[in-house]
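Engineer: Pasting in a structure now, in C-alpha coordinates, and then I'll have a few things to ask.
The values are calculated or read from the model by the stated rules, or taken from the named source; none is laboratory data. Model, not experiment: these values are computed from the prediction. Note that we place each Cβ from the backbone using ideal geometry, even for glycine, and neighbour counts take in every protein chain shown. Quick note on the areas: whole protein, heavy atoms, side chains included, nothing else; ligands and nucleic acids left out. Shrake-Rupley method; radii C 1.70, N 1.55, O 1.52, S 1.80 Å.
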Amino acid sequence: MIRLATPTDVPVLLQLVKELAMYEKEPDAVLATEQDLHDALFGADPSAGCHVAELDGDVVGFALWYRTFSTWQGKPGLWLEDLFVRQEARGSGLGKQLLITLAQEAVHRGWTRFEWWVLDWNTPAQGFYRSLGARPPPHSARGPAHGEALTPPPSPVPPAPRVREHPRTP
(Lines give C-alpha, C1' and ligand atoms only; values in the text may rest on other atoms or scores of the structure.)
Protein backbone atom coordinates (compact mmCIF):
# COMPACT_ATOMS: atom_id res chain seq x y z
CA MET A 1 0.00 0.00 0.00
CA ILE A 2 1.21 3.50 -0.85
CA ARG A 3 0.17 6.52 1.19
CA LEU A 4 1.30 9.99 2.12
CA ALA A 5 3.76 10.06 4.99
CA THR A 6 2.52 11.39 8.33
CA PRO A 7 4.45 12.94 11.22
CA THR A 8 4.44 9.59 13.02
CA ASP A 9 6.44 8.11 10.10
CA VAL A 10 9.42 10.40 10.68
CA PRO A 11 11.46 7.97 12.85
CA VAL A 12 11.15 5.14 10.31
CA LEU A 13 11.81 7.59 7.44
CA LEU A 14 15.11 8.59 9.03
CA GLN A 15 15.98 4.92 9.51
CA LEU A 16 15.20 4.26 5.83
CA VAL A 17 17.35 7.24 4.81
CA LYS A 18 20.22 5.73 6.80
CA GLU A 19 19.65 2.35 5.13
CA LEU A 20 19.71 4.07 1.74
CA ALA A 21 23.01 5.74 2.66
CA MET A 22 24.44 2.33 3.57
CA TYR A 23 23.25 0.92 0.23
CA GLU A 24 24.82 3.86 -1.60
CA LYS A 25 28.12 3.30 0.23
CA GLU A 26 27.86 6.57 2.18
CA PRO A 27 27.03 5.38 5.72
CA ASP A 28 28.39 8.50 7.42
CA ALA A 29 26.82 11.02 5.04
CA VAL A 30 23.42 11.33 6.73
CA LEU A 31 23.33 14.48 8.84
CA ALA A 32 19.55 14.84 8.88
CA THR A 33 17.73 14.49 12.18
CA GLU A 34 14.13 13.56 12.90
CA GLN A 35 13.47 17.25 13.54
CA ASP A 36 14.96 18.16 10.14
CA LEU A 37 12.71 15.68 8.36
CA HIS A 38 9.68 16.72 10.38
CA ASP A 39 10.24 20.41 9.54
CA ALA A 40 10.89 19.69 5.86
CA LEU A 41 7.77 17.55 5.48
CA PHE A 42 5.31 18.92 8.02
CA GLY A 43 6.62 22.27 9.27
CA ALA A 44 5.12 25.71 8.74
CA ASP A 45 6.71 25.94 5.27
CA PRO A 46 7.23 22.37 4.00
CA SER A 47 9.96 22.03 1.40
CA ALA A 48 9.34 18.40 0.45
CA GLY A 49 6.69 15.73 0.20
CA CYS A 50 6.91 12.05 0.95
CA HIS A 51 4.99 8.90 0.19
CA VAL A 52 5.61 5.66 2.02
CA ALA A 53 5.19 2.04 1.01
CA GLU A 54 3.71 -0.41 3.50
CA LEU A 55 3.88 -4.16 3.48
CA ASP A 56 1.92 -6.11 6.09
CA GLY A 57 1.41 -2.86 8.05
CA ASP A 58 5.10 -1.93 8.18
CA VAL A 59 6.70 0.99 6.33
CA VAL A 60 9.32 -0.64 4.09
CA GLY A 61 9.98 2.09 1.55
CA PHE A 62 9.62 5.74 0.71
CA ALA A 63 9.78 8.29 -2.06
CA LEU A 64 10.80 11.79 -0.99
CA TRP A 65 10.18 14.53 -3.52
CA TYR A 66 9.94 18.27 -3.99
CA ARG A 67 8.65 20.84 -6.46
CA THR A 68 10.84 22.19 -9.24
CA PHE A 69 10.20 24.68 -12.03
CA SER A 70 10.86 24.62 -15.78
CA THR A 71 11.63 27.99 -17.28
CA TRP A 72 11.03 26.61 -20.77
CA GLN A 73 7.62 25.19 -20.00
CA GLY A 74 6.71 27.83 -17.44
CA LYS A 75 5.33 25.05 -15.23
CA PRO A 76 6.32 23.27 -12.03
CA GLY A 77 7.60 19.72 -11.94
CA LEU A 78 8.28 17.01 -9.41
CA TRP A 79 11.83 16.01 -8.49
CA LEU A 80 12.25 12.61 -6.89
CA GLU A 81 15.07 13.05 -4.40
CA ASP A 82 15.15 9.52 -3.08
CA LEU A 83 13.32 6.27 -3.67
CA PHE A 84 14.17 3.33 -1.45
CA VAL A 85 12.56 0.01 -0.70
CA ARG A 86 14.06 -2.38 1.83
CA GLN A 87 15.72 -5.46 0.37
CA GLU A 88 13.12 -7.86 1.78
CA ALA A 89 10.32 -5.94 0.02
CA ARG A 90 12.02 -5.53 -3.37
CA GLY A 91 10.25 -7.36 -6.16
CA SER A 92 6.87 -6.81 -4.51
CA GLY A 93 5.93 -4.00 -6.88
CA LEU A 94 6.12 -1.29 -4.21
CA GLY A 95 8.84 0.68 -6.01
CA LYS A 96 6.76 0.74 -9.18
CA GLN A 97 3.67 1.73 -7.18
CA LEU A 98 5.61 4.60 -5.57
CA LEU A 99 6.64 5.89 -9.00
CA ILE A 100 3.12 5.57 -10.41
CA THR A 101 1.76 7.42 -7.38
CA LEU A 102 4.25 10.26 -7.84
CA ALA A 103 3.49 10.49 -11.57
CA GLN A 104 -0.22 10.73 -10.70
CA GLU A 105 0.58 13.39 -8.09
CA ALA A 106 2.40 15.47 -10.70
CA VAL A 107 -0.43 15.12 -13.23
CA HIS A 108 -3.07 15.91 -10.59
CA ARG A 109 -1.22 19.13 -9.71
CA GLY A 110 -0.81 20.13 -13.36
CA TRP A 111 2.96 19.71 -13.22
CA THR A 112 4.68 18.84 -16.49
CA ARG A 113 7.82 17.03 -15.38
CA PHE A 114 8.78 14.09 -13.19
CA GLU A 115 12.54 13.77 -12.90
CA TRP A 116 15.26 12.05 -10.90
CA TRP A 117 18.90 10.98 -11.05
CA VAL A 118 20.28 7.51 -10.56
CA LEU A 119 23.86 6.75 -9.56
CA ASP A 120 25.99 5.53 -12.45
CA TRP A 121 27.07 2.38 -10.57
CA ASN A 122 23.54 1.48 -9.43
CA THR A 123 22.71 -0.84 -12.31
CA PRO A 124 19.80 -2.52 -10.48
CA ALA A 125 18.07 0.86 -10.15
CA GLN A 126 18.91 1.77 -13.74
CA GLY A 127 17.36 -1.48 -14.91
CA PHE A 128 14.30 -0.88 -12.76
CA TYR A 129 13.73 2.61 -14.25
CA ARG A 130 14.37 1.36 -17.79
CA SER A 131 11.84 -1.45 -17.26
CA LEU A 132 9.25 1.26 -16.68
CA GLY A 133 10.18 3.08 -19.90
CA ALA A 134 12.39 5.79 -18.37
CA ARG A 135 15.40 6.95 -20.38
CA PRO A 136 18.04 9.49 -19.39
CA PRO A 137 17.81 12.77 -21.27
CA PRO A 138 20.44 13.20 -24.00
CA HIS A 139 23.37 15.51 -23.42
CA SER A 140 22.85 15.96 -19.71
CA ALA A 141 25.20 15.88 -16.80
CA ARG A 142 24.60 16.28 -13.11
CA GLY A 143 26.30 19.22 -11.50
CA PRO A 144 25.65 19.28 -7.77
CA ALA A 145 26.86 22.06 -5.58
CA HIS A 146 26.75 21.67 -1.83
CA GLY A 147 28.69 22.62 1.24
CA GLU A 148 31.54 24.98 0.49
CA ALA A 149 30.61 25.05 -3.19
CA LEU A 150 27.53 27.07 -2.23
CA THR A 151 29.64 29.75 -0.54
CA PRO A 152 30.48 32.48 -3.02
CA PRO A 153 34.14 33.43 -3.27
CA PRO A 154 35.07 36.64 -1.54
CA SER A 155 34.56 39.72 -3.65
CA PRO A 156 37.78 41.21 -4.88
CA VAL A 157 38.81 44.25 -2.91
CA PRO A 158 38.38 47.27 -5.14
CA PRO A 159 41.48 49.36 -5.56
CA ALA A 160 41.75 52.25 -3.18
CA PRO A 161 40.62 55.50 -4.75
CA ARG A 162 43.41 57.75 -5.87
CA VAL A 163 43.57 60.89 -3.87
CA ARG A 164 44.89 63.97 -5.58
CA GLU A 165 46.02 66.69 -3.35
CA HIS A 166 45.09 70.18 -4.31
CA PRO A 167 47.47 72.92 -3.36
CA ARG A 168 46.12 75.13 -0.62
CA THR A 169 45.64 78.70 -1.39
CA PRO A 170 46.33 81.18 1.38
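Engineer: Give, as ranges by residue number, the residues of region 37-81 whose backbone N falls under 15 Å from the point 7 Å along Cα→Cβ of residue 92.
Structural biologist: Hits in region 37-81 for residue 92 at 15 Å: 52-63.
Engineer: While we're looking at this one, here's another question. Let a ≥ b ≥ c be the square roots of the eigenvalues of the Cα gyration tensor of region 1-136; is it rounded (a/c under 1.5), or, if not, prolate (a/b larger than b/c) or oblate?
Structural biologist: Details: a/c = 1.40, a/b = 1.11, b/c = 1.27.
Judged from the Cα gyration tensor, region 1-136 comes out rounded (a/c under 1.5).
Engineer: Please work out the average accessible area per residue across region 1-93, using the 1.4 Å probe convention, and give it in Å².
Structural biologist: For region 1-93, the per-residue accessible area is 58 Å².
Engineer: Given a Förster distance of 25 angstrom, what is the FRET efficiency for residue 25 paired with residue 81, based on the Cβ-Cβ distance and rounded to 0.05? Each step should come with its number before you reach the end.
Structural biologist: On the way: r = 18 Å, r/R0 = 0.72.
Taking R0 as 25 Å, the efficiency between residue 25 and residue 81 is 0.90.
Engineer: Starting from the Cα of residue 115, step 7 Å toward the Cβ, then list every residue of region 38-53 with an amide N under 15 Å from that point.
Structural biologist: No residue passes the distance filter.
Engineer: Something else now. Please give the direction-averaged projected area of the C-alpha convex hull for region 49-98, in square nanometres with one decimal. If you can, show how the numbers build up before the last one.
Structural biologist: Working: hull surface 15.6 nm².
Convex hull of Cα atoms, orientation-averaged projection: 3.9 nm².
Engineer: Highest mean first, what order results for 118-127, 92-101 on Cβ atoms within 10 Å? Present the calculation step by step, with values, prior to reporting the outcome.
Structural biologist: On the way: 118-127: 12.2, 92-101: 17.3.
Top to bottom by mean Cβ count within 10 Å: 92-101, 118-127.
Engineer: Residues of region 80-96 with the amide nitrogen closer than 17 Å to a label point 7 Å from the Cα of residue 104, along Cα-to-Cβ, please.
Structural biologist: Answer for this model: 93-96.
Engineer: Of 50, 38, 21, which is farthest on the positive side of the dipole of region 19-69, counting Cα position, with +1 on Lys and Arg Cβ, -1 on Asp and Glu Cβ, and the Cα centre as origin?
Structural biologist: Of the candidates, 50 comes out farthest on the positive side.
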